Amino acid sequence: MSFARRCAFVALFLLVAWPSAALAKDRFQHPFPTDLLTVRDRAQLTNVRVSLPLPDCGARPSDCADVEVLNALDGFNVQPRLSIPFSEPIDLGSVSSDTIFLALPSGRRVGINQAVWEPATNTLHAESDELLRQGRRYVLVVTDGVRAADGGRLDTSSFRRDLLTGGGGAAEERYRDRLRDALAWGDVRLRRVVTASLFTTQSVTATSEQIRRQLDAATPEAATFALGPSGERAVFPFASVQGLVVQRQVGTGPSFSTSPVPAAVPVFPGAIGTLAFGRFVSPDYRTAAGVIPPYPTEDGTPEPQALNFVHFNLYLPSGEEPAGGWPVAIFGHGFGDSKQGAPIFVASTLAANGVAMIAINVVGHGGGPLGTITVLRSGDAPVTISAGGRGIDQDGNGTIDSTEGVNAAPPATLVDSRDGLRQTVNDLMQLVRVIEVGVDIDGDGTAELDPARISYGG
């Protein structure tokens, strides 16, 4: 099941289970998300942490594991699935960004889209019309512009009565106080509000920012190009390279698939001067299960779990190297591709514009670690080096699929590819540090890449 479908299922479970489990005394159901489903946590940047009710973990262990993943977050999704229960069917034609919207304390509104009606539960599901800002509080407002199915007005008195006089404990009362204040953000009179909720978005980039600070504070090992069979540098004049033969590891037997590929697609013939294959060391923050352990976003300290030896392909332009070295573009391939895929189509275009290009494999991509690249050369013997594949046989079926290893393993399957892609970002940030320290390609003691001119595309 995909990440999006799993999240939708969890949201549906919460909509059904939460009002009875968490707020049995309330007289109306609240829209989701809501900060009623959080607890105070001063260790988080947002000062809250998600606290969703757990199902029967004995009977529903997979659902329980999904909710536990969500309960480690310091807020809700920045493009949340909005679930709004009504007491009766509504006229979908009256649903718009004017009648249902999100608002910030500044008064800025965000509309909705992809509205879907669920008749079995009288629930409207929708998404925010844009990515929300991370680590911010939003109020979700449903106005009486939304009409009943027969065109009549929806009741607003129940929400108003509960908001002003509703019972519950101290946490519920604090929430109601904050919600009353937040309704002013939407500039709608209380008597026109059918229902509303207040929620906090998570700090999406916090862990990556913490890791970036660690990488910036450390001095990485220099990249190595000594990848040849006898430790020779895998650096070749591009004009001497006739092509590449990629032997991709696709099984644990081991088994391989073999395919010839061009060293680069010559969109601009003669633009590339040098092709080099190298490797650098990058701290791996994922566990063996493919998960970056959750850390408090305010004062947590992510800890490396292992080291990655990340391989890269590097193309230098032909012609005279500028003072300070070549500007360099890090090129990211797509999901399911590899550094031997899309990057070879853009290398000559960048080189024609005087820009070097470097590419790595995304976590879980490029086949297994036993794969190789054979460089076919005119007038010289072929040279075979590691392809630097980052795939693994995660499910134990003997095969290594095109993206196997980027996703988290059970029971944390709801994490999906999040932490594999986060780790790839960590590797790219480390690559920037490696370039800043100095990349000596030809072994003459000087750096060929300009650390002041690093860009990214993909």
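The values are calculated or read from the model by the stated rules, or taken from the named source; none is laboratory data. Keep in mind that this is a model prediction, so the values were computed, not measured. Virtual Cβ from ideal backbone geometry, glycine too; neighbours counted across all protein chains shown.
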- Item | Residue pairs meeting the criteria (Cβ under 6 Å; at least 6 apart or on separate chains; first farther than 14 Å from Y315 by Cα, in segment 439-458; second of a type in the set (D, E)) | A447/D440; P451/E436
- Task: Any chance you could count how many residues in segment 257-299 are over 21 Å from V310 (Cβ atoms) and assigned to a strand (DSSP E or B)?
- Result: 6
- Some residue of segment 317-329 being buried (at least 21 other Cβ atoms within 10 Å of the Cβ) and among the polar types (S, T, N, Q): no
- Item | Selected residue (only one of R377, R422 is surrounded by fewer than 18 Cβ atoms within 10 Å (Cβ to Cβ), of a type in the set (D, E, K, R) and assigned by the TED database to the domain that holds P317) | R377
- Query: What are the residue pairs meeting all of these: first residue in segment 81-93, first residue within 11 Å of E127 (Cα to Cα), second residue among the charged types (D, E, K, R) and surrounded by fewer than 18 Cβ atoms within 10 Å (Cβ to Cβ), Cβ atoms under 9 Å, and 6 or more apart or on different chains?
  - Reply: R81/E127; L82/E127; S83/E118
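Taking S87 as the residue in question, decide whether it is farther than 25 Å from V204 by Cα and not assigned by the TED database to the domain that holds I292.
yes
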- Identify the single condition in (1) in contact with a Ser or Thr (Cβ under 9 Å, 6 or more places away or on another chain); (2) in the same structural domain as R178 (by the TED database); (3) of a type outside the set (D, E) that S96 does not satisfy, given that it satisfies every other one. (1)
- Item | Residues (under 19 Å from G364 (Cβ atoms) and aromatic (F, W, Y)) located in segment 247-282 | F256, F280
- Message: Can you find, within segment 257-294, the residue that is farthest from D419 (Cα to Cα) among those that are crowded, with 19+ Cβ neighbours inside 10 Å and of a type in the set (F, W, Y)?
- Response: F277
- Item | Cross-chain or 6+ apart pairs with Cβ under 8 Å, segment 389-402 first and without any contact (Cβ under 8 Å) to a residue 12 or more places away in the chain, then among the acidic types (D, E) | D395/E404
- Item | Count of segment 357-372 residues which are of a type outside the set (G, A, S) and surrounded by fewer than 24 Cβ atoms within 10 Å (Cβ to Cβ) | 3
